[in-house]
1. When only residues in the range D:80-101 that are more than 9 Å from chain B (Cβ to nearest Cβ) and in contact with a Gly (Cβ under 9 Å, 6 or more places away or on another chain) count, which is surrounded by the most Cβ atoms within 10 Å (Cβ to Cβ)?
2. Any residue that is within 12 Å of another protein chain (Cβ to nearest Cβ), within 18 Å of C:N202 (Cβ to Cβ) and either at pLDDT below 90 or under 28 Å from the mean Cα position of the chain (by Cα) (or both) - is there at least one of those in the range C:112-133?
3. Restricted to the range A:108-153, and to residues that are of a type in the set (D, E) and in contact with a helix residue (DSSP H, G or I) (Cβ under 6 Å, 6 or more places away or on another chain), which residue is farthest from B:L9 (Cα to Cα)?
4. Test A:M279 against the stated conditions and say whether it is part of a helix (DSSP H, G or I), more than 30 Å from A:K30 (Cα to Cα) and under 23 Å from the mean Cα position of the chain (by Cα).
5. Test of understanding: among D:S95, D:S44, D:S113, which residue is touching a strand residue (DSSP E or B) at 6+ places or on another chain (Cβ under 8 Å) and polar (S, T, N, Q)?
6. If you go through the range C:242-282 one residue at a time, how many are at pLDDT 85 or above, part of a loop (DSSP other than H, G, I, E, B) and polar (S, T, N, Q)?
7. How many of the residues making up the range C:185-204 are within 18 Å of C:A221 (Cβ to Cβ) and within 13 Å of chain D (Cβ to nearest Cβ)?
8. Quick one: is B:T237 out of contact with any Gly (no Cβ under 6 Å at 6 or more places or on another chain), of a type in the set (V, I, T) and closer than 30 Å to D:I167 by Cβ?
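The values are calculated or read from the model by the stated rules, or taken from the named source; none is laboratory data. Predicted, not measured: the structure shown is a model, and the values here were computed from it. Neighbour counts are summed over all protein chains in view; Cβ atoms, including those assigned to glycine, are modelled from backbone coordinates with ideal geometry.
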Amino acid sequence: MKSPRTLTLSTVFASDPFEPGPKGSRAWYKLRQDKAGLFGLAIVAIFLVLTLGVFFGWLGQGWSVAGGGRWEPVSVDHWLGTNLLGQDIFQRAVFSLRTAFEIGLVVSLLSTLLGALLGVLAGWYNGEPGRTWVDGGILWFMGVLDSIPFYLFVAAVAYALQGWPWAMHIAMVATFWTTTGRLIRAEAMRIKSREFVLSARAIGLPTRLILLRHVLPNTLHILLVQATIAFVAAIKTEVILSFLGLGVQDSVSWGLMLAESTQEVLAGHFNNFLAASLMLFMLLLGFNLLADALQDAFDPRQASL
Amino acid sequence: MLRKIIHGLALILGVTFISFLLMVWFGPDQTYTLIGKHATASQIAEVRHQLGYDQPFTRRYLDYLVELFTLDLGASNSSGEQVSSILKRTLPISLALMLPGFIIGNLLGIVLGLVAAFRRGTWIDRLITGLSVTGMSISFLIIIIALQVLLSTPYGFNLFPVRGWRVDNLSSYLTYVTVPTLSLIMVTLGYNTRFYRAVFVEESSREHIRTARAFGASPATLMGRHVLKNSLVAVSTRIMFSIPLVVVSGSLLIETYFGIPGIGKVSFDAITSGDQPILKAVVGLTAVMFVLIQIVADFVYRLVDPRIA
Amino acid sequence: MHTNPPLLSVRDLVVKYRVKGGRGGLLTAVNGVSFDIHAGSIFGLVGESGSGKTSLAHSIMQLVQPCAGEVLFHGENLAHMKQASLQKTRRNIQLVFQDPLASLSPRRSIAQTLIEPLDHFRIDVAGKRHARACRALETVGLEPDVLQRFPHELSSGQRQRVALARALLPEPELIIADEAVSSLDVSVQARIIELILDLRQNLGIAFLFIAHDLAVIQQLADRVGVMYLGKMIEIAPAHRLFRQAAHPYTRALLEAVPVPDPAHANPVVLQGEPPSALTPPAGCVFHTRCPQVMEQCRVLEPLDTQINEPGLKNTAHHVWCHLWKE
Amino acid sequence: MNRAVLSVRNLSVSVQTGLGLARVVDRLSFSLREGEVLGLVGESGCGKSITAAALMGLVPSPAGIVTADQIMLGDKNLVQLDEASLRRVRGSEISMIFQEPLTALDPVFSIGSQLSTVIRRHRGENRHQARRSSVEMLERVGMADAHRIMQSYPHQLSGGMRQRVMIAMAMACRPRVLIADEPTTALDVTTQAQVLEQLSELGQSFGTAILLITHDLGVVAQACDRALIMYCGRIVEEAPVEALFTAPTHPYTAGLLAAVPRISSAQVQRVQAIPGLVPHPAALPDGCHFADRCPRADSQCRTLTPQLQAVDGQKSIHRHACHHPLSSPSHAH
């Protein structure tokens, strides 16, 4: 089958062969035009700065101090009032930013790396004579992890590691990476058949170099988007785990604040609930908008991969 | 077909092995919870033997497998009730609780996704996309608390019970199921709509849609006939494979919050009390459910897409 | 003039693929093909889609393991080579592909793409490799500033020239061009054809030029092989093939190519479509569509018969057809 | 040749590209006569496919902006029709077939259902009649076992057969005009010959005028009566096929003819490339777009845009847009 003329109707509109600059800059060029994406980016940036503030000790340090009375209303020294124990809600909400980013970054980074590594290996060795068990094995492992009920898995890991603070992170990484893994595996299988990979194999380039130079760089856009999505998932999961008593131990998080507020709310005290919900919602909204914008900016149909 | 069954068995083996490893081998030591702190050495040895802690790893894993396959799941450590009878009692409750939300959530998602893709780029599309992104950014817990305040407390409409599950006829069923169902819908609707919209947009950019338009097909025919039928594989995959997630994980949170005695609540209590027989049963059950779904999915794909021989 | 062993010789090569899905089964893409390529010559390989041309190229490059037969480079079997000499052979045979868009790694600059083979084969001192890449670009008619650019910034013609430059860098003796000009526009295609002829002339590089378009083949090839459904059905020097093609399929192909001259009417000779390679017909694979099909064609596989004076090896005209009895 | 069945005046299409708004079709005017096969010829990016899409009103609105004084199909000006009436015309009075047979048909519907749907929509036949006409149409395009084809799905057919199904679908309602966008480019040369013959034979017997879009000059020579050569969104030469191939007057046409390889049993004519690159649609040079690559270009060519006018002054149908055309057809060059 002869190859079709390159510039059919759809390609003329979508990709343009003469745009300047490396791929990355083109994606940035498109992102700049996506208002929602920029709004998301702005939120994320603001929260990041606040988190650094907390990290370096300028903000939210007095979260555990039971300074005021129970459920004090909004006042000058307690901007958002106090909770059951008289702790300052504003301080706790701001400090939780650090917990959120800590969980989000650790989980999203590790799960994306694991997903990329195993995904590329599975995709590359799929169909390779003699090595196809690698693909089979990784797929089996993903299938197993996906079919274990998540909360039971987290609880089991939490008990197995006997209250070690990182149990929650391990459990999340161990289950989040499979989504990225499947996406990267499919992309790697597609890239493997492209001519520029065949040309690298024809000169006898070792596999690890091919994977590093030619396959992985072409999956970066998927990894970036998945990392953002994993960040959101990690924070949402922490909230539920804290409610179930499996979450953050010796610190404060929006999840803990929300768990506290379940009783307070019935008694009519909404400050704790509102503070945690609003902060959590804004951060998640920012990251979700950013993830959507990145997805469109790197959409392969536009770029001429 | 045979290949699918072998895959299924391998999956179940994997799941049981990992859950055995985590829950039993590294799991919490039951002896003290069962017989209290100050028991005599011989009593402790006796209980440890009964619970099989003294057997080697492979022996205990084999016992566990035998238990699972012969459905003799033993009795709950805390209540002593037969696990299988617990399952019989709690599963229907969980299904009754989760099914309506699951069905409505997906149907609504499909409709909104279709409308957004159909009117792509217009204000309706932006509205639906905006709402779904917002929906995705609200945590499950916030929705539950907010709905509860809104509907079950004097601060709101106070129409529904705060907790509990005293269901004996349709009207009592509706009163107890409404708030949980609403919260399930609101949590999953954002994700569903966004996913279905992406599938329909992808399908409507295919070349054969342009051909159909060139032959005078109206936008409604394009969407309702060509795009929808081409998307059925992706749509059915999404629905089928989210059943175990919703029925087991989803129910755990809702039942724990609303105090509804379904499989979710039972497994949560089992987690906190380390009641292994129940945990093992639930894990085994989920794995079997996944395998069954994979087999059914294979059958559905052949039905929906002629290219899959 | 060709006394030493041919640069490349392919002996009874067979390549099979396992087909997943559908009825499954084994697809024979290449079914016992033999031919030689002599140093500095251009061998044109023509055939329609599904004839096995690309599988042949990939098995020569050891990208696909053949089930039977062997590939000899300078008389040495590629399959039995030790690592060192195999590495040398990989340097001596280079590959150029059809789709200019997919033959260059999208996220790497042209400089990185060109310097990679130089690093890999450790050609020249690291410092001089950049200059060597510039020279290669000049030979294919591109300015050195292209080095900083990325594939998506170049037109398809420019990209194909970069692919050619990359093939030239390891100073190969043979370049396999798999449909290298098929997806290019006529004016750009002509430039690449001129370039290939110059490379053969000035650098003495041999080419295995694979295409489905006989007109392009005639511009380049010294010898031409015609494949149909995995089998070689005719090999001849170009001037003989285009003047007096022996095999009915070759004649039909020649007549089917639309001639850019309205006065010359194109009669439609062949009906129907090539059968599926999963179930090749018995006897001669072309018998189901051959206008001059005979009884024996349905049963007996035709043998290799040479139809011109035995004389010189490189001008032999082979055909696999019962019409041409020894 | 009798009256025009499709006449286009001042058709332009602009498209958003990375480097800003680009006019990819620039004030195109041409007409298609009844029963004629008109070739729309040009290399990638010259705007021929987008012209076809614009004629059918298939250019997606946000991405492309279409303007035209008129696109007269018989007595209807398509530019003024609203979307609903345009839909009634598409597939009945003017239909289109595409290049990629594999992806042009809907993979999850049988050939029979896709074919009869078009027939029922435009010929108002009921389900039973439509099935019968579908089988008739498949036999008409040379499909031996039409009944089996009706039940089968696109992925079960070969490229050639799928393209024949497309032709059957397009011709089922006896359209006045058929636009064929590179119909045989993705087919093998033996199949291409069969499909081209099928196409022109049907065009003759149904009295349908065909606008054949291709980059292959061989196909133009064999299948077309008249041809328009396009470059960077403009028609640079328009002539009957005989004149075009023997005595082209525009340097670009001559360059194309010199670049296309020709099979000859005698001496091989070496191809000559056209120097330079096609300019980017968003950065087109002033005046004649071919000036930078044209051996005959001068300052006039780089400033004044040449208009399409008859070759030797009077009402000849051989026209070109060039300030310094090759010698007039009276004496061979």
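1. The residue in question is D:P101.
2. Within the range C:112-133, none of the residues are within 12 Å of another protein chain (Cβ to nearest Cβ), within 18 Å of C:N202 (Cβ to Cβ) and either at pLDDT below 90 or under 28 Å from the mean Cα position of the chain (by Cα) (or both).
3. A:D135
4. Here the answer is no, as A:M279 does not meet what is asked.
5. Result: D:S95 is the single residue among D:S95, D:S44, D:S113 that is touching a strand residue (DSSP E or B) at 6+ places or on another chain (Cβ under 8 Å) and polar (S, T, N, Q).
6. 1
7. The number of residues fulfilling the criteria is 10.
8. Answer is no for this residue.
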